[in-house]
Amino acid sequence: MNKNDLIAEVATKTGQTKVAAGEAVEAVFDAITAALAGGDDVKIAGFGNFVVATRAASEGRNPRTGETIAIPEQKSPKFRAGKALKDSVNA
C-alpha cells in the first residue's frame, strides 16, 4: 500500500472525498513529524510508538581510499509496533 492507496482507503471508510482524506492523512503525518522534530515521542494506543533514537558518533572508512572518516552523531526516527498491531499481523 502506498500513500495514494492509504488516502483512497481513508476516503472510502470515512465517506469523505479523496481531497479531504488526503488533507487528513497529510495532517497526521505533519503532526507526527513535528512532534519527532521537537524531541517528543508519539504514542498511539493499540498501534505503536514513534520515537527518536540517537546513533552515537563512530569512525568509518572511505571505500575508495581507505582513509578513516568521522561519522557524526545522528538522530533517527524509529517505530515500535504495539501489541495489538503485532497480534493482528500474526493472526
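The values are calculated or read from the model by the stated rules, or taken from the named source; none is laboratory data. Model, not experiment: these values are computed from the prediction. Cβ sites come from the backbone with ideal geometry, for glycine too, and all protein chains shown count toward neighbours.
Take the residues in the range 38-91 that are aliphatic (A, V, I, L, M) and more than 17 Å from the chain's Cα centre (by Cα), then tell me which one is modelled with the lowest pLDDT.
ALA91
Check whether at least one residue in the range 21-28 is more than 24 Å from ALA84 (Cβ to Cβ), of a type in the set (A, V, I, L, M) and either at pLDDT below 95 or surrounded by 11 or more Cβ atoms within 10 Å (Cβ to Cβ) (or both), and report yes or no.
no
Would you be able to tell me the number of residues in the range 50-72 that are out of contact with any Ser or Thr (no Cβ under 6 Å at 6 or more places or on another chain) and in contact (Cβ under 8 Å) with a residue 24 or more places away in the chain?
So the count comes out to 3.
When residues of the range 66-91 are filtered for being touching a helix residue (DSSP H, G or I) at 6+ places or on another chain (Cβ under 9 Å) and assigned to a loop (DSSP other than H, G, I, E, B), how many remain?
Looking only at that region, the number is 0.
Could you tell me whether ILE69 is among the aliphatic types (A, V, I, L, M), touching a strand residue (DSSP E or B) at 6+ places or on another chain (Cβ under 6 Å) and surrounded by 13 or more Cβ atoms within 10 Å (Cβ to Cβ)?
It is false that ILE69 is among the aliphatic types (A, V, I, L, M), touching a strand residue (DSSP E or B) at 6+ places or on another chain (Cβ under 6 Å) and surrounded by 13 or more Cβ atoms within 10 Å (Cβ to Cβ).
Does ALA35 count as under 28 Å from GLN74 (Cα atoms), exposed (fewer than 12 other Cβ atoms within 10 Å of the Cβ) and either of a type in the set (Phe, Trp, Tyr) or out of contact with any helix residue (DSSP H, G or I) (no Cβ under 7 Å at 6 or more places or on another chain) (or both)?
Spelling it out, it is not the case that ALA35 is under 28 Å from GLN74 (Cα atoms), exposed (fewer than 12 other Cβ atoms within 10 Å of the Cβ) and either of a type in the set (Phe, Trp, Tyr) or out of contact with any helix residue (DSSP H, G or I) (no Cβ under 7 Å at 6 or more places or on another chain) (or both).
Within the group GLY39, GLY48, which residue is out of contact with any Phe, Trp or Tyr (no Cβ under 7 Å at 6 or more places or on another chain) and not hydroxyl-bearing (Ser, Thr, Tyr)? Please lay out each step first, then the result.
Working: GLY48 fails: out of contact with any Phe, Trp or Tyr (no Cβ under 7 Å at 6 or more places or on another chain).
So the residue among GLY39, GLY48 that is out of contact with any Phe, Trp or Tyr (no Cβ under 7 Å at 6 or more places or on another chain) and not hydroxyl-bearing (Ser, Thr, Tyr) is GLY39.
Can you tell me which residues in the range 20-65 are under 30 Å from GLU9 (Cα atoms), hydrophobic (A, V, I, L, M, F, W, C) and assigned to a strand (DSSP E or B)?
VAL42, ILE44, PHE50, VAL51, VAL52 - these are the residues of the range 20-65 that are under 30 Å from GLU9 (Cα atoms), hydrophobic (A, V, I, L, M, F, W, C) and assigned to a strand (DSSP E or B).
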